[in-house]
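The next block holds one structure in the form of structure tokens; read it before the comments.
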Amino acid sequence: MITEHNNRLRPISNIDSIALLNKTEFDQPVTCCWTAPDRTSKNELVKVNTNISWQLVDSNNTILHNYYFGNVKSLLMDNIEQSLMPWLTKYVNCGGIKELIITAPEKKAETLTKLVSFVTNINFLYISFDLLVVNIGAFKATNVRVKHLDISHCEHTFNEQDIILIGECFPYLEHLNINTKSLYNVPLIKKYLKYLRSLTFETKDYYINRFDEDSTTRRSYDLQKQTQFLFSIKASKMTVWMDKTAFDDSYWQTFAPKPLGNKRKNSPFSRK
């Protein structure tokens with residue numbers, strides 16, 4: 001018995017929907033259901049070609065060994081254990097996956113190298129920056145043309161070396177979602193990410209009342225007076241459309257760390 005529920009993963013490319021991903025989908029009302037045979041009349045794998053999103057939470061997939069999923073567009077992985085790879089590469093058409101979301105807590109995952117070698121057609125990648133750095137060789141060794149990268153899962157650094165690293169792995173990147181205090185380095189993006197069209201980042205320093213539309217309107221109005229570029233604000237995220245005006249705007253320098261003052265403390269032995 002195959003069921004579909006209200007809480008679908010689609011569309012996963014909507015950044016806000018990632019926060020809604022949870023394991024209670026099957027508690028939601030059923031919108032569609034059907035039965036499928038364990039095997040065909042010729043004892044072949046049953047092919048499931050429906051456009052689906054897949055969430056892998058463990059390696060216990062023996063119940064699915066009779067099926068081949070040829071039309072998985074979004075793959076969400078809560079773990080990337082070595083034991084998952086044989087099943088995934090045998091029963092799922094990895095070349096058809098367009099969106100890869102990795103929420104695994106591990107910082108080291110040798111299995112990721114093998115996974116990336118199979119999902120060569122992804123254009124959206126959601127991954128923690130730490131996991132990306134640890135497995136940087138996996139992405140450099142492939143020709144993955146990611147257009148949308150989201151590394152906002154945890155707060156991370158964002159210096160010139162980090163930007164160079166992202167540019168080397170994803171030279172055709174068009175949309176980037178980050179979570180950092182080092183926004184003063186944003187102008188450096190112009191040099192290393194030639195195709196970037198939008199930048200989304202956390203704005204935790206601003207008070208946001210989601211139930212107060214006037215507060216959001218005032219905040220946007222104040223920023224419009226201070227900046228020259230185009231932007232939009234939704235909840236705690238701000239998206240800027242990156243062009244020459246955006247890169248050259250002095251707004252980014254407002255995030256620069258303030259120099260420590262050299263205040264000299266009075267010594268009990270100093271002369272007055």
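Each residue, Ala141 and Asn93, gets one label point 7 Å from its Cα in the Cβ direction; the gap between the two is 2.7 nm. If the segment from Tyr184 to Ser83 were pulled out straight at 0.36 nm per residue, it would be longer than the present Cα-Cα gap by 32.1 nm.
Here region 122-184 exposes an accessible surface that is 47 percent carbon and sulfur, computed with a 1.4 Å probe and the other protein chains kept in place. Most tightly packed first, judged by the mean number of other beta-carbon atoms within 10 Å of their residues, the peptides 185-197, 248-260 read 185-197, 248-260.
As a calculated quantity, the FRET efficiency between Glu160 and Lys114 at R0 = 30 Å, using C-beta atoms, amounts to about 0.45.
Between Gln228 and Thr245, the simple label model (points 7 Å from Cα in the Cβ direction) yields a spacing of 0.9 nm. The modelled label-to-label distance for the pair Glu4/Lys194, using points 7 Å beyond Cα in the direction of Cβ, is 4.2 nm.
Region 69-134 and region 151-175 have Cα centres separated by 19 Å. For the residue pairs Lys114/Lys244; Lys98/Lys190; Lys98/Lys140; Lys73/Lys237; Lys225/Lys258; Lys140/Lys181, alpha carbon separations beyond 29 Å are given by Lys114/Lys244.
The values are calculated or read from the model by the stated rules, or taken from the named source; none is laboratory data. Since the structure is predicted, the reported quantities are computational estimates derived from the model, not experimental observations. As a convention, Cβ positions derive from the backbone with ideal geometry for all residues, glycine included, and neighbour counts pool all protein chains shown. The area values use the complete protein model at the heavy-atom level, side chains included, leaving out ligands, DNA and RNA. Shrake-Rupley method; radii C 1.70, N 1.55, O 1.52, S 1.80 Å.
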